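Engineer: The following block contains the structure, expressed as C-alpha cells.
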Amino acid sequence: MSLDLRKYRGIATSLAVVGIASKSYSLIDRVANALSSDSVSRAIYENCRILENLLRRNLDTEGEEGIHEERYKKDGKELTQVKIILKDEPPSSINGYLADDEQVKNFLEDTSRDIRIARGVASYAMSMIAATLSKRVASRKEEKEGEV
C-alpha cells in the first residue's frame, strides 16, 4: 500500500505545532506507537484541545501569544504557515495549515482501517518540527556571525 501523506498535512502540522508549543512530543509519540484507532482518537482529541487553547490565547492577547495561520505568496503560489508565538521564546513557523474538522474526521476513519497511517503522519509531524528547529538554528547562527 502506498501512503500519500499530503492528504494528512493538516494533521501533521497540527501535531507539530503542539509539539513545538509544548516542547513535548508525547502526543506525537502516542500516535506513532498507537496499537489501535482508539489510541489515535484520544491523542488527536488532546491535540485539538491544546490547539484550541493556543488559538484562544492568540485572541485573548490580541496576537502577542499563541498561534495563528498566515497566508503568503512565494513563486506565484499561495502558501500557508502556522506562526507560534510564546512568551520568552523566539517565534517559530511551520509550513502547513491546521487541520479542519473534515480532515480530522477522515484521518480518524482512515486510521481505523489502517493504523500504519498514524505512524506515517507522526513521522511527517516530527520532520516538520526538525525543519522548523533547523531554521531557528540557522537564524541564530546568522545573528551571531553578524555580531562578530
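Engineer: Select from the stretch 19-43 the residues that are touching a residue at least 40 places away in the same chain (Cβ under 8 Å) and within 12 Å of the chain's Cα centre (by Cα) and write down the one among them that is farthest from residue 117 (Cα to Cα).
Structural biologist: 21
Engineer: So, one more: Every residue in the stretch 87-112 that is buried (at least 21 other Cβ atoms within 10 Å of the Cβ), polar (S, T, N, Q) and farther than 26 Å from residue 38 by Cβ, please.
Structural biologist: Residue satisfying the conditions is 92 alone.
Engineer: Specify which of the listed residues (84, 115, 67) is aliphatic (A, V, I, L, M), surrounded by 13 or more Cβ atoms within 10 Å (Cβ to Cβ), closer than 16 Å to residue 12 by Cα and over 19 Å from the mean Cα position of the chain (by Cα).
Structural biologist: Sole residue among the options that is aliphatic (A, V, I, L, M), surrounded by 13 or more Cβ atoms within 10 Å (Cβ to Cβ), closer than 16 Å to residue 12 by Cα and over 19 Å from the mean Cα position of the chain (by Cα): 115.
Engineer: Still on this structure, I have one more. Is there a residue being touching a Phe, Trp or Tyr at 6+ places or on another chain (Cβ under 9 Å) and at pLDDT 95 or above anywhere in the stretch 89-99?
Structural biologist: Yes, some residue in the stretch 89-99 is touching a Phe, Trp or Tyr at 6+ places or on another chain (Cβ under 9 Å) and at pLDDT 95 or above.
Engineer: If you go through the stretch 44-75, how many residues are closer than 30 Å to residue 115 by Cβ and assigned to a helix (DSSP H, G or I)?
Structural biologist: Final tally of qualifying residues: 12.
Engineer: Still on this model: Considering (1) within 24 Å of residue 68 (Cα to Cα); (2) surrounded by fewer than 23 Cβ atoms within 10 Å (Cβ to Cβ), say which one residue 35 fails and leave the rest.
Structural biologist: (1)
Engineer: Ok, one more. Condition (residue is among the small types (Gly, Ala, Ser) and under 25 Å from residue 136 (Cα atoms)) applied to the stretch 99-111: is it met by at least one residue?
Structural biologist: Yes: the stretch 99-111 contains one or more residues that are among the small types (Gly, Ala, Ser) and under 25 Å from residue 136 (Cα atoms).
The values are calculated or read from the model by the stated rules, or taken from the named source; none is laboratory data. All values derive from a computational prediction rather than experimental measurement. When we count neighbours, we look across all protein chains shown, and the Cβ atoms used for this are built from the backbone with ideal geometry, even at glycine.
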